[in-house]
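Notes follow the structure.
The values are calculated or read from the model by the stated rules, or taken from the named source; none is laboratory data. Values in this document were obtained by computation on a predicted structure and should not be read as measured data. Neighbour counts run over all protein chains shown; Cβ positions are idealised from the backbone, glycine included.
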């Protein structure tokens, strides 16, 4: 477990490197990430490589015991490359180039981009493969989908479709191209989606998103193969950029040693509490990509500002508390962005730990204390992991399908996951947020938010989990389509109807309007969507209270062998989920904390023998937590009482006996 800093030696006069390295060592920093945007310095002109400056920088930090992660610089093709080989630039849906000047101006399928990326990465790998201070690599920076429409992407898209469908006739059938005379007669008629109109055939658009993901993965694999060949003792990772995201992070992370996350919790007072819950979901999602611990490769050091007006400065304790939140949910290394605010360029006001004044201040002192804590507790936490009690399912395919066809005003796939996850977090129930394709054996409770795309094979897997004792909770808009994004011609929830023991007689896309349901003799508001249900073996557990379907069934439960399937036909307010999941937890023997204060989060890391519970007050209010018993704080080396008073952004870590 390490504390690290993102550092850009090329931004600073060489005379500052030694001073920075010494201060980092004194602070407790043991790692830096370098060079991910430095291609023009590493290869100033075609074929002329200059690594001497980076050698000097790495050696300077190595003398102070600081290890190095090198970022491959392929996110920022230099101007000589763009000018000489303009095919490196991605082309948007209106056929306009993504011009250089910011970053990310590269087409993943460009032959020139791939060729020169191969060369620079191989040169770096060969040069640093035996350097004792270099321990790993970050490929590129914050991959996303450019949705390029250049000639190379058109050719590659057709090849991708040929591999998947074999013939134009199969594509016409799979996509339902008979609608609007969309049938193809030859491969050359198929192009990437030009024009940017989201009303195009949804099957076509979803496959294009999948192709785009595969293009990113292929570009990453090109670099991964080089690094693994020449640097077999180094790790290789990539720093993903938050959620929601069209790029399929599960595919992206498959071949990496571990995943890294760039995490910037909001400093706004208006998001004082919600930011911590959204962040908890992001961290759980990141841990779920490879079902293992991860790194934070960037996180907040000061007020961000570049792509938007500057945020508020981090409140006292904010940097420390959110760093501990990352560790509490599975991060093994925390790298802050950045050491010092940049004097020039677009991110001048995305503040570092030290301001342009170059005088360490309050934020630096808070960070120094954080380093002391993390470095002191690292031996205890080494080898510990986070294991959730509940599985919440997530899918980039589902997200993309919903984004392509909005179902009702205000209905949002990812926001609904946030609400579900927040309910569990407020109960102190740790969740694993996993791909729907993962093996979910062993989870007593599985929550499936809107399996819009669903085939019989996946439905059969869920059926087996339930038969073997799992409780499955299903939400509206499940089983609507097959994986080709074509609607099933059968009652909803499609392939899950038999397991759920219910069908949808009619639905009402109520959007931002309100209805209410009655569950356990208590009324809860609901919105977005209302399925009117007809039991086919299931038992009613909730009914609507308003509109023309007042009294009709809103939710059911169906017992299947050893397990149960709950079908919730609407999206209730958060308080319903809290009450409902407490009831389910009681039935399943899952423990929870019934009165956890707003903004306070609890999580556990364990190595099988020792367990450490993290208590975090991610709010600006003083909060009081009622614990089951008194504990010993390994953070503060003292006993803490059952009634624990926590100041704003306070942290406690206790050992569970």
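Structural remarks
- Counting only residues that are part of a helix (DSSP H, G or I), touching a residue at least 60 places away in the same chain (Cβ under 8 Å) and farther than 17 Å from residue 113 by Cβ, segment 56-87 holds 4 of them.
- Residue match in segment 75-97 (condition: modelled with pLDDT of 95 or more, buried (at least 20 other Cβ atoms within 10 Å of the Cβ), under 30 Å from residue 201 (Cα atoms) and under 26 Å from the mean Cα position of the chain (by Cα)): yes
- Comparison of 275, 246 shows that the only residue that is modelled with pLDDT of 95 or more and either closer than 30 Å to residue 600 by Cβ or not assigned by TED's automatic domain parsing to the domain that holds residue 92 (or both) is 275.
Yes/no matrix, rows are residues, columns are (1) within 24 Å of residue 9 (Cα to Cα); (2) within 25 Å of the chain's Cα centre (by Cα):
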{"residue": "320", "(1), (2)": "no, yes"}
{"residue": "331", "(1), (2)": "no, yes"}
{"residue": "341", "(1), (2)": "yes, no"}
{"residue": "347", "(1), (2)": "yes, yes"}
{"residue": "351", "(1), (2)": "yes, yes"}
{"residue": "357", "(1), (2)": "yes, no"}
{"residue": "368", "(1), (2)": "yes, no"}
{"residue": "372", "(1), (2)": "no, no"}
{"residue": "391", "(1), (2)": "no, yes"}
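- Residue count, segment 525-542 (criterion: more than 33 Å from the chain's Cα centre (by Cα), in a strand (DSSP E or B) and either crowded, with 24+ Cβ neighbours inside 10 Å or on the phi > 0 side of the Ramachandran plot (or both)): 2
- Number of the exception - residue 593 against (1) assigned to a strand (DSSP E or B); (2) in contact (Cβ under 8 Å) with a residue 40 or more places away in the chain; (3) not assigned by TED's automatic domain parsing to the domain that holds residue 421: (1)
- Answer residue from segment 359-386, given it is out of contact with any strand residue (DSSP E or B) (no Cβ under 7 Å at 6 or more places or on another chain) and part of a loop (DSSP other than H, G, I, E, B) and is farthest from residue 434 (Cα to Cα) among those: 359
- Elements of type strands (runs of 3 or more DSSP E) in segment 253-347, at least 1 residues being crowded, with 23+ Cβ neighbours inside 10 Å, out of contact with any helix residue (DSSP H, G or I) (no Cβ under 9 Å at 6 or more places or on another chain) and in contact (Cβ under 8 Å) with a residue 12 or more places away in the chain: 294-299, 331-336
- Within segment 386-420, tally of residues that are surrounded by fewer than 16 Cβ atoms within 10 Å (Cβ to Cβ) and closer than 30 Å to residue 324 by Cβ: 2
- Positions within segment 27-50 being crowded, with 16+ Cβ neighbours inside 10 Å and under 18 Å from residue 75 (Cα atoms), in sequence order: 33, 34, 35, 36, 37, 38, 39, 40, 41, 42, 43
- The lone exception for residue 153 - which of (1) in contact (Cβ under 8 Å) with a residue 24 or more places away in the chain; (2) part of a loop (DSSP other than H, G, I, E, B); (3) within 32 Å of the chain's Cα centre (by Cα) it fails: (2)
- Only one of the listed residues (611, 601, 623, 629) is in contact with a strand residue (DSSP E or B) (Cβ under 7 Å, 6 or more places away or on another chain) and surrounded by fewer than 18 Cβ atoms within 10 Å (Cβ to Cβ). That residue is 611.
- Condition met for residue 577 (touching a helix residue (DSSP H, G or I) at 6+ places or on another chain (Cβ under 7 Å), farther than 21 Å from residue 329 by Cα and modelled with pLDDT of 95 or more): yes
- Odd one out for residue 203, checked against (1) buried (at least 22 other Cβ atoms within 10 Å of the Cβ); (2) in the same structural domain as residue 33 (by TED's automatic domain parsing); (3) not in a loop (DSSP other than H, G, I, E, B): (2)
- Filtered residue count, segment 165-198, keeping only those that are within 17 Å of residue 481 (Cα to Cα) and at pLDDT below 95: 0
- On the stretch given as segment 417-474, residues that are assigned to a loop (DSSP other than H, G, I, E, B) and either within 22 Å of the chain's Cα centre (by Cα) or touching a residue at least 40 places away in the same chain (Cβ under 8 Å) (or both) total 20.
- Failed criterion for residue 24 (all others in (1) closer than 20 Å to residue 354 by Cβ; (2) in a loop (DSSP other than H, G, I, E, B) hold): (2)
- With respect to the stated conditions, residue 124 is in contact with a strand residue (DSSP E or B) (Cβ under 8 Å, 6 or more places away or on another chain), assigned to a helix (DSSP H, G or I) and within 30 Å of residue 104 (Cβ to Cβ).
- Flag if residue 404 is modelled with pLDDT of 95 or more, on the phi > 0 side of the Ramachandran plot and in contact with a helix residue (DSSP H, G or I) (Cβ under 6 Å, 6 or more places away or on another chain): no
- Subset of segment 603-631 [without any contact (Cβ under 8 Å) to a residue 60 or more places away in the chain, part of a strand (DSSP E or B) and within 21 Å of residue 370 (Cβ to Cβ)]: 613, 615, 623
- Inside segment 543-562, residues that are surrounded by 14 or more Cβ atoms within 10 Å (Cβ to Cβ) and in contact (Cβ under 8 Å) with a residue 60 or more places away in the chain make up a count of 1.
- Checking each residue in segment 174-200 for being loosely packed, with under 15 Cβ neighbours inside 10 Å and over 20 Å from residue 93 (Cβ atoms) picks out 178, 179, 181, 185, 186, 187.
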